[in-house]
1. Which count do you get for residues in the stretch 1-54 that are within 16 Å of the ligand (Cβ to nearest atom) and either more than 21 Å from the chain's Cα centre (by Cα) or at pLDDT below 60 (or both)?
2. Of the conditions (1) in a helix (DSSP H, G or I); (2) open to solvent by 30 Å² or more (accessible area, probe 1.4 Å); (3) out of contact with any Ser or Thr (no Cβ under 9 Å at 6 or more places or on another chain), Glu171 fails just one. Which one is it?
3. Any chance you could count how many residues in the stretch 135-156 are in a loop (DSSP other than H, G, I, E, B) and either buried (at least 24 other Cβ atoms within 10 Å of the Cβ) or under 11 Å from the mean Cα position of the chain (by Cα) (or both)?
4. Go through the stretch 273-309 and count every residue that is open to solvent by 50 Å² or more (accessible area, probe 1.4 Å) and outside any helix (DSSP H, G or I).
5. Just wondering, is there one or more residues in the stretch 79-95 that are crowded, with 22+ Cβ neighbours inside 10 Å and either without any contact (Cβ under 8 Å) to a residue 24 or more places away in the chain or part of a helix (DSSP H, G or I) (or both)?
6. Quick test for you: out of Ala130, Ala146, pick the one residue that is within 16 Å of the ligand (Cβ to nearest atom) and in contact (Cβ under 8 Å) with a residue 60 or more places away in the chain.
7. Just checking, how many residues over the stretch 279-310 are over 23 Å from the mean Cα position of the chain (by Cα) and free of Cβ contacts under 8 Å to residues at least 24 places away in the same chain?
8. So which residues in the stretch 211-229 are of a type in the set (D, E, K, R) and open to solvent by less than 30 Å² (accessible area, probe 1.4 Å)?
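The values are calculated or read from the model by the stated rules, or taken from the named source; none is laboratory data. Given the structure is predicted, the values throughout are model-derived calculations rather than measurements. So basically every Cβ, Gly included, is an ideal-geometry build from the backbone, and we count neighbours across all protein chains shown. To get the accessible areas, we keep the full protein, side chains included, count just its heavy atoms, and leave off ligands, DNA and RNA. Shrake-Rupley method; radii C 1.70, N 1.55, O 1.52, S 1.80 Å.
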Amino acid sequence: MKRHGLLILFLFIYQQCFCWGFYAHRKINYYAVFLLPPQMMMFFKPHIQFISDHAIDPDKRRYALAQEGPRHYIDIDHYGTYPFDSLPRGWNDAVAKYSEDSLQKHGIVPWWVQIMKHSLTSAFKEKNGAAILKYAAEIGHYIADAHVPLHASSNHNGQHTGQHGIHGFWESRVPELLAEKEWDFFIGKASYIKNPGDFIWNRVLESAAAADTVLRIEKELSAGFSADQKFAFEDRNGKIIRQYSSIFAKAYDKKLNGMIERRMRQSIFAIASFWYTAWIDAGQPDLKSISSIHFSEEELKEFEQLNESWRKNEIKGRVHE
Ligand SMILES: [Zn+2]
């Protein structure tokens, strides 16, 4: 009876899962700061809290803006089989071949990262401290999303294979359980990216190639676990929710052979390298001369509205709960 009651309770709790989860996005942006050269570090480090906190703004924006969703993923398997050569990598060619509507429908993350890179480079050129911080935080989000295998698959939440919930399992549950205690985020230094377009497309292709493994291993592992072992009811911020048990999560991580940690580390390296590349491309502006950070009324209002719509609204577009 008790179990039955909990099950019903579960049905009524709206548990939203986000790209990489809020937890991992914040960590990824945070750690990326430490890969920067001293001339950048002296500006980024004092604002590390902002860079981490605003890593999740793009996910919050999904509650306010319908166009936001497609910027976080690409259902690349829609375009054939690996390496999806039929899909032109250049935006204009891709639009000419498939139409913009169709591209938007299946996700645009590799192109959006390049647009954000352009905005960040301009912010550095203008030495606009507020814009640098905002774009740096946000590009970090999209780059990290491009590293998630299920962000490059139309079976993004295992909905076609009876594995509903695997999205949040891979990118939220496992990192929340293991990142702090067991994973290593000492990574080294950011590098200059000669061709940002090629770089992000390669990462998306790696994600696409890994998506099958992410799904297959969950399925194989599930065969050896009863539902009671696989799921557990746990207290989360005062709410009882059903989630993958820690035993199952650890077994999954082991079978994935470090994939989630590796993708998190690669995200951190990629983000720091994109920040560094934008700064170099802007002519290595002296960031010491940016004395104060000034967000306009409009920007401050946007931050407020993002929080507001995230708290009150339903997500617009695709949901991974
Ligand atoms: Zn996202």
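1. So the count comes out to 4.
2. Glu171 satisfies every listed condition except (2).
3. First pass over the stretch 135-156, keeping only residues in a loop (DSSP other than H, G, I, E, B): 147-148, 153-156.
Checking which are either buried (at least 24 other Cβ atoms within 10 Å of the Cβ) or under 11 Å from the mean Cα position of the chain (by Cα) (or both) leaves us with 147-148, 153.
The total comes to 3.
4. Of the residues in the stretch 273-309, 7 are open to solvent by 50 Å² or more (accessible area, probe 1.4 Å) and outside any helix (DSSP H, G or I).
5. Taking the stretch 79-95 first, the residues crowded, with 22+ Cβ neighbours inside 10 Å are none.
No, because not a single residue in the stretch 79-95 is crowded, with 22+ Cβ neighbours inside 10 Å and either without any contact (Cβ under 8 Å) to a residue 24 or more places away in the chain or part of a helix (DSSP H, G or I) (or both).
6. Of the residues listed, the single one that is within 16 Å of the ligand (Cβ to nearest atom) and in contact (Cβ under 8 Å) with a residue 60 or more places away in the chain is Ala146.
7. Step one: of the stretch 279-310, the residues over 23 Å from the mean Cα position of the chain (by Cα) are 280-298, 300-301.
Those still in the list that are free of Cβ contacts under 8 Å to residues at least 24 places away in the same chain too: 291, 297-298, 300-301.
Of the residues in the stretch 279-310, 5 are over 23 Å from the mean Cα position of the chain (by Cα) and free of Cβ contacts under 8 Å to residues at least 24 places away in the same chain.
8. Just the residues of the stretch 211-229 that are of a type in the set (D, E, K, R), to begin with: 212, 216, 218-220, 228.
Selection gives Glu218 alone.
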